[in-house]
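*Asks:* Below is one structure. I have some questions about it.
The values are calculated or read from the model by the stated rules, or taken from the named source; none is laboratory data. Quantities reported herein were computed from a predicted structural model and do not represent experimental measurements. Cβ placement follows ideal geometry from the backbone for every residue including glycine, while neighbour counts extend to all protein chains displayed. Heavy atoms of the whole protein, side chains included, go into the accessibility calculation; ligands, DNA and RNA do not. Shrake-Rupley method; radii C 1.70, N 1.55, O 1.52, S 1.80 Å.
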Amino acid sequence: MSLERSRWRVEDSIEVEIVVGPGARRELGRLAREAGPYSAAALVADGGAPRGPLRDLAEALRAAGLPVYEKTLPGGEGVKNLETLVGLWGWMAGHGLPRDTLLVAYGGGAVSDTAGFAAATYMRGIDWATVPTTLLSMADAAVGGKTAVNLSAKNIVGAFHHPRIVLADVELAETLPREDYVSGLAEVVKHALLEGREFLDWLRRSAGRLLERDLAVLTEAVRRSLDAKMRIVARDYRERKGDRMLLNLGHTVAHALEKATGYTMRHGHAVAVGLVVEGIAASLKLGLPRETVEEVRELLASLGLPIAPPRELDPRSALEAVKLDKKRRGGRILVPMLRAVGDPVIVEMELGEALSLLEEAWRIAAGAGGE
Ligand SMILES: NC(=O)c1ccc[n+]([C@@H]2O[C@H](COP(=O)([O-])OP(=O)(O)OC[C@H]3O[C@@H](n4cnc5c(N)ncnc54)[C@H](O)[C@@H]3O)[C@@H](O)[C@H]2O)c1
């Protein structure tokens with residue numbers, strides 16, 4: 001008997017509605033009505049985020065005719081685990097929430113990664129919206145569809161599941177402690193370096209007002225950042241072709257720094273130093289002009305971000321962590337690097353070569369910017 005064969009293309013095309021600006025949270029009711037119909041809303045909130053805007057969200061959902069079920073989680077990395085996830089599943093199932101429930105995550109990246117994964121898995125996936133409350137989550141984590149919890153290591157269990165609605169309400173950044181706010185700016189710089197000269201020059205001109213949390217400038221920074229990320233994500237949603245790996249710029253070194261400091265260094269601070277070290281590596285390997293590296297250092301410093309690895313760290317032992325990097329392929333590793341601003345490439349190197357290159361760059365960065 002002959003074999004009957006057929007081939008189907010079944011991937012969904014997903015629409016993500018993104019609104020950025022002061023008061024963006026008030027769009028939730030209208031957008032939920034447009035994206036729906038939904039029969040209920042599950043509002044999962046970060047206990048560290050301001051409470052007033054949370055009430056606005058609940059009201060907007062009720063005004064859109066949805067019964068609202070609310071759950072508050074403690075914010076921060078400690079929440080991103082299987083226990084929280086099981087708790088969310090049980091809470092939704094306990095209320096008998098159906099498949100046409102809209103889950104709304106309100107919080108930092110830890111809460112949205114966890115709530116997003118609950119949405120990806122509850123009843124095989126329900127729609128979700130996200131209202132990020134930290135600068136890092138507004139400018140980065142809110143879009144791209146990566147959801148996960150931690151297990152033996154970070155983000156070990158997760159799913160790709162885009163939110164249908166992203167409301168980056170910059171007013172919510174007003175309550176962030178200064179160091180957390182500044183830390184979020186590192187990802188904005190990263191997106192500008194990937195995107196191109198126009199964004200980078202705008203950022204340099206706007207650094208002062210951005211630090212003052214001028215809402216108009218902050219809106220522009222977040223919008224440009226999300227656009228830059230979505231342009232890359234749209235080309236390689238599931239990180240299959242490699243394009244999405246470009247978003248890891250600065251992160252090979254950043255992850256090593258976080259590990260070596262026992263995760264006491266803020267992520268954005270580690271990314272800032274990573275951008276400098278990997279920038280120097282790119283100038284050694286690909287001829288990225290040293291003036292560009294200097295420009296990046298000055299920009300990061302003007303935003304209050306660190307630009308040199310802590311002196312007490314030994315580069316060789318800190319960089320051991322690179323051997324466990326998720327971009328490693330056997331004895332080789334893929335490292336995103338800049339040839340020029342707006343011209344990133346994925347460089348494949350022998351692991352040994354990458355380690356020596358990064359170590360040399362680290363030593364130069366420590367010498368050039370050490371405090
Ligand atoms: N999914 C992605 O694409 C992606 C991208 C980058 C980072 N992440 C993840 O994001 C997480 C980090 O997120 P984060 O930097 O937002 O930190 P976070 O979620 O850990 O929150 C940090 C602290 O800020 C508090 N907080 C939240 N909003 C606040 C506000 N408006 N005012 C004052 N305090 C507030 C929280 O309660 C928490 O204590 C990590 O787990 C990381 O893996 C995910």
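*Asks:* So which pairs qualify, if the first residue must be in the range 1-23 and closer than 25 Å to residue 163 by Cα and surrounded by 10 or more Cβ atoms within 10 Å (Cβ to Cβ), the second must be among the hydroxyl-bearing types (Ser, Thr, Tyr) and at pLDDT 95 or above, the Cβ gap must be under 6 Å, and the two must be at least 6 apart or on different chains?
*Replies:* 20/219; 21/219
*Asks:* Continuing with this model, one more query. Please indicate, with yes or no, whether at least one residue in the range 163-181 is of a type outside the set (Lys, Arg), open to solvent by 20 Å² or more (accessible area, probe 1.4 Å) and closer than 24 Å to residue 289 by Cα.
*Replies:* no
*Asks:* Could you tell me which residue of the range 100-136 is nearest to the chain's Cα centre (by Cα), considering only residues that are more than 10 Å from the ligand (Cβ to nearest atom) and either among the aromatic types (Phe, Trp, Tyr) or not assigned by TED's automatic domain parsing to the domain that holds residue 66 (or both)?
*Replies:* Ranking the qualifying residues of the range 100-136, first place goes to 128.
*Asks:* Using the structure shown, decide if residue 228 is open to solvent by less than 50 Å² (accessible area, probe 1.4 Å) and not basic (Lys, Arg).
*Replies:* Against the criterion (open to solvent by less than 50 Å² (accessible area, probe 1.4 Å) and not basic (Lys, Arg)), residue 228 qualifies.
*Asks:* Filter the range 65-110 down to the residues that are of a type in the set (Asp, Glu) and not in a loop (DSSP other than H, G, I, E, B), then identify the one that is most open to solvent (accessible area, probe 1.4 Å).
*Replies:* My answer is 83.
*Asks:* (1) exposed (fewer than 14 other Cβ atoms within 10 Å of the Cβ); (2) within 16 Å of residue 246 (Cβ to Cβ); (3) of a type outside the set (A, V, I, L, M): which one isn't true of residue 291, the others all being true?
*Replies:* Of the numbered conditions (1) exposed (fewer than 14 other Cβ atoms within 10 Å of the Cβ); (2) within 16 Å of residue 246 (Cβ to Cβ); (3) of a type outside the set (A, V, I, L, M), the odd one out for residue 291 is (2).
*Asks:* Check residue 86 against each of (1) within 23 Å of residue 169 (Cα to Cα); (2) among the hydrophobic types (A, V, I, L, M, F, W, C); (3) free of Cβ contacts under 8 Å to residues at least 12 places away in the same chain and name the one condition it does not meet.
*Replies:* (1)
*Asks:* Let me ask something additional. Consider the range 36-56. How many of its residues are closer than 20 Å to residue 117 by Cβ and buried (at least 17 other Cβ atoms within 10 Å of the Cβ)?
*Replies:* Adding up the residues that qualify gives 10.
Okay, residues lined up against (1) within 8 Å of the ligand (Cβ to nearest atom); (2) under 22 Å from residue 55 (Cα atoms); (3) among the acidic types (Asp, Glu):
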| residue | (1), (2), (3) |
| --- | --- |
| 138 | no, yes, no |
| 143 | yes, no, no |
| 158 | no, no, no |
| 165 | no, yes, no |
| 170 | no, yes, no |
| 179 | no, no, yes |
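*Asks:* Let me ask something else about it. Please list, ordered by residue number, the strands (runs of 3 or more DSSP E) wholly in the range 130-198 having 3 or more residues that are of a type in the set (A, V, I, L, M).
*Replies:* In the range 130-198, the matching strands (runs of 3 or more DSSP E) lie at 165-168.
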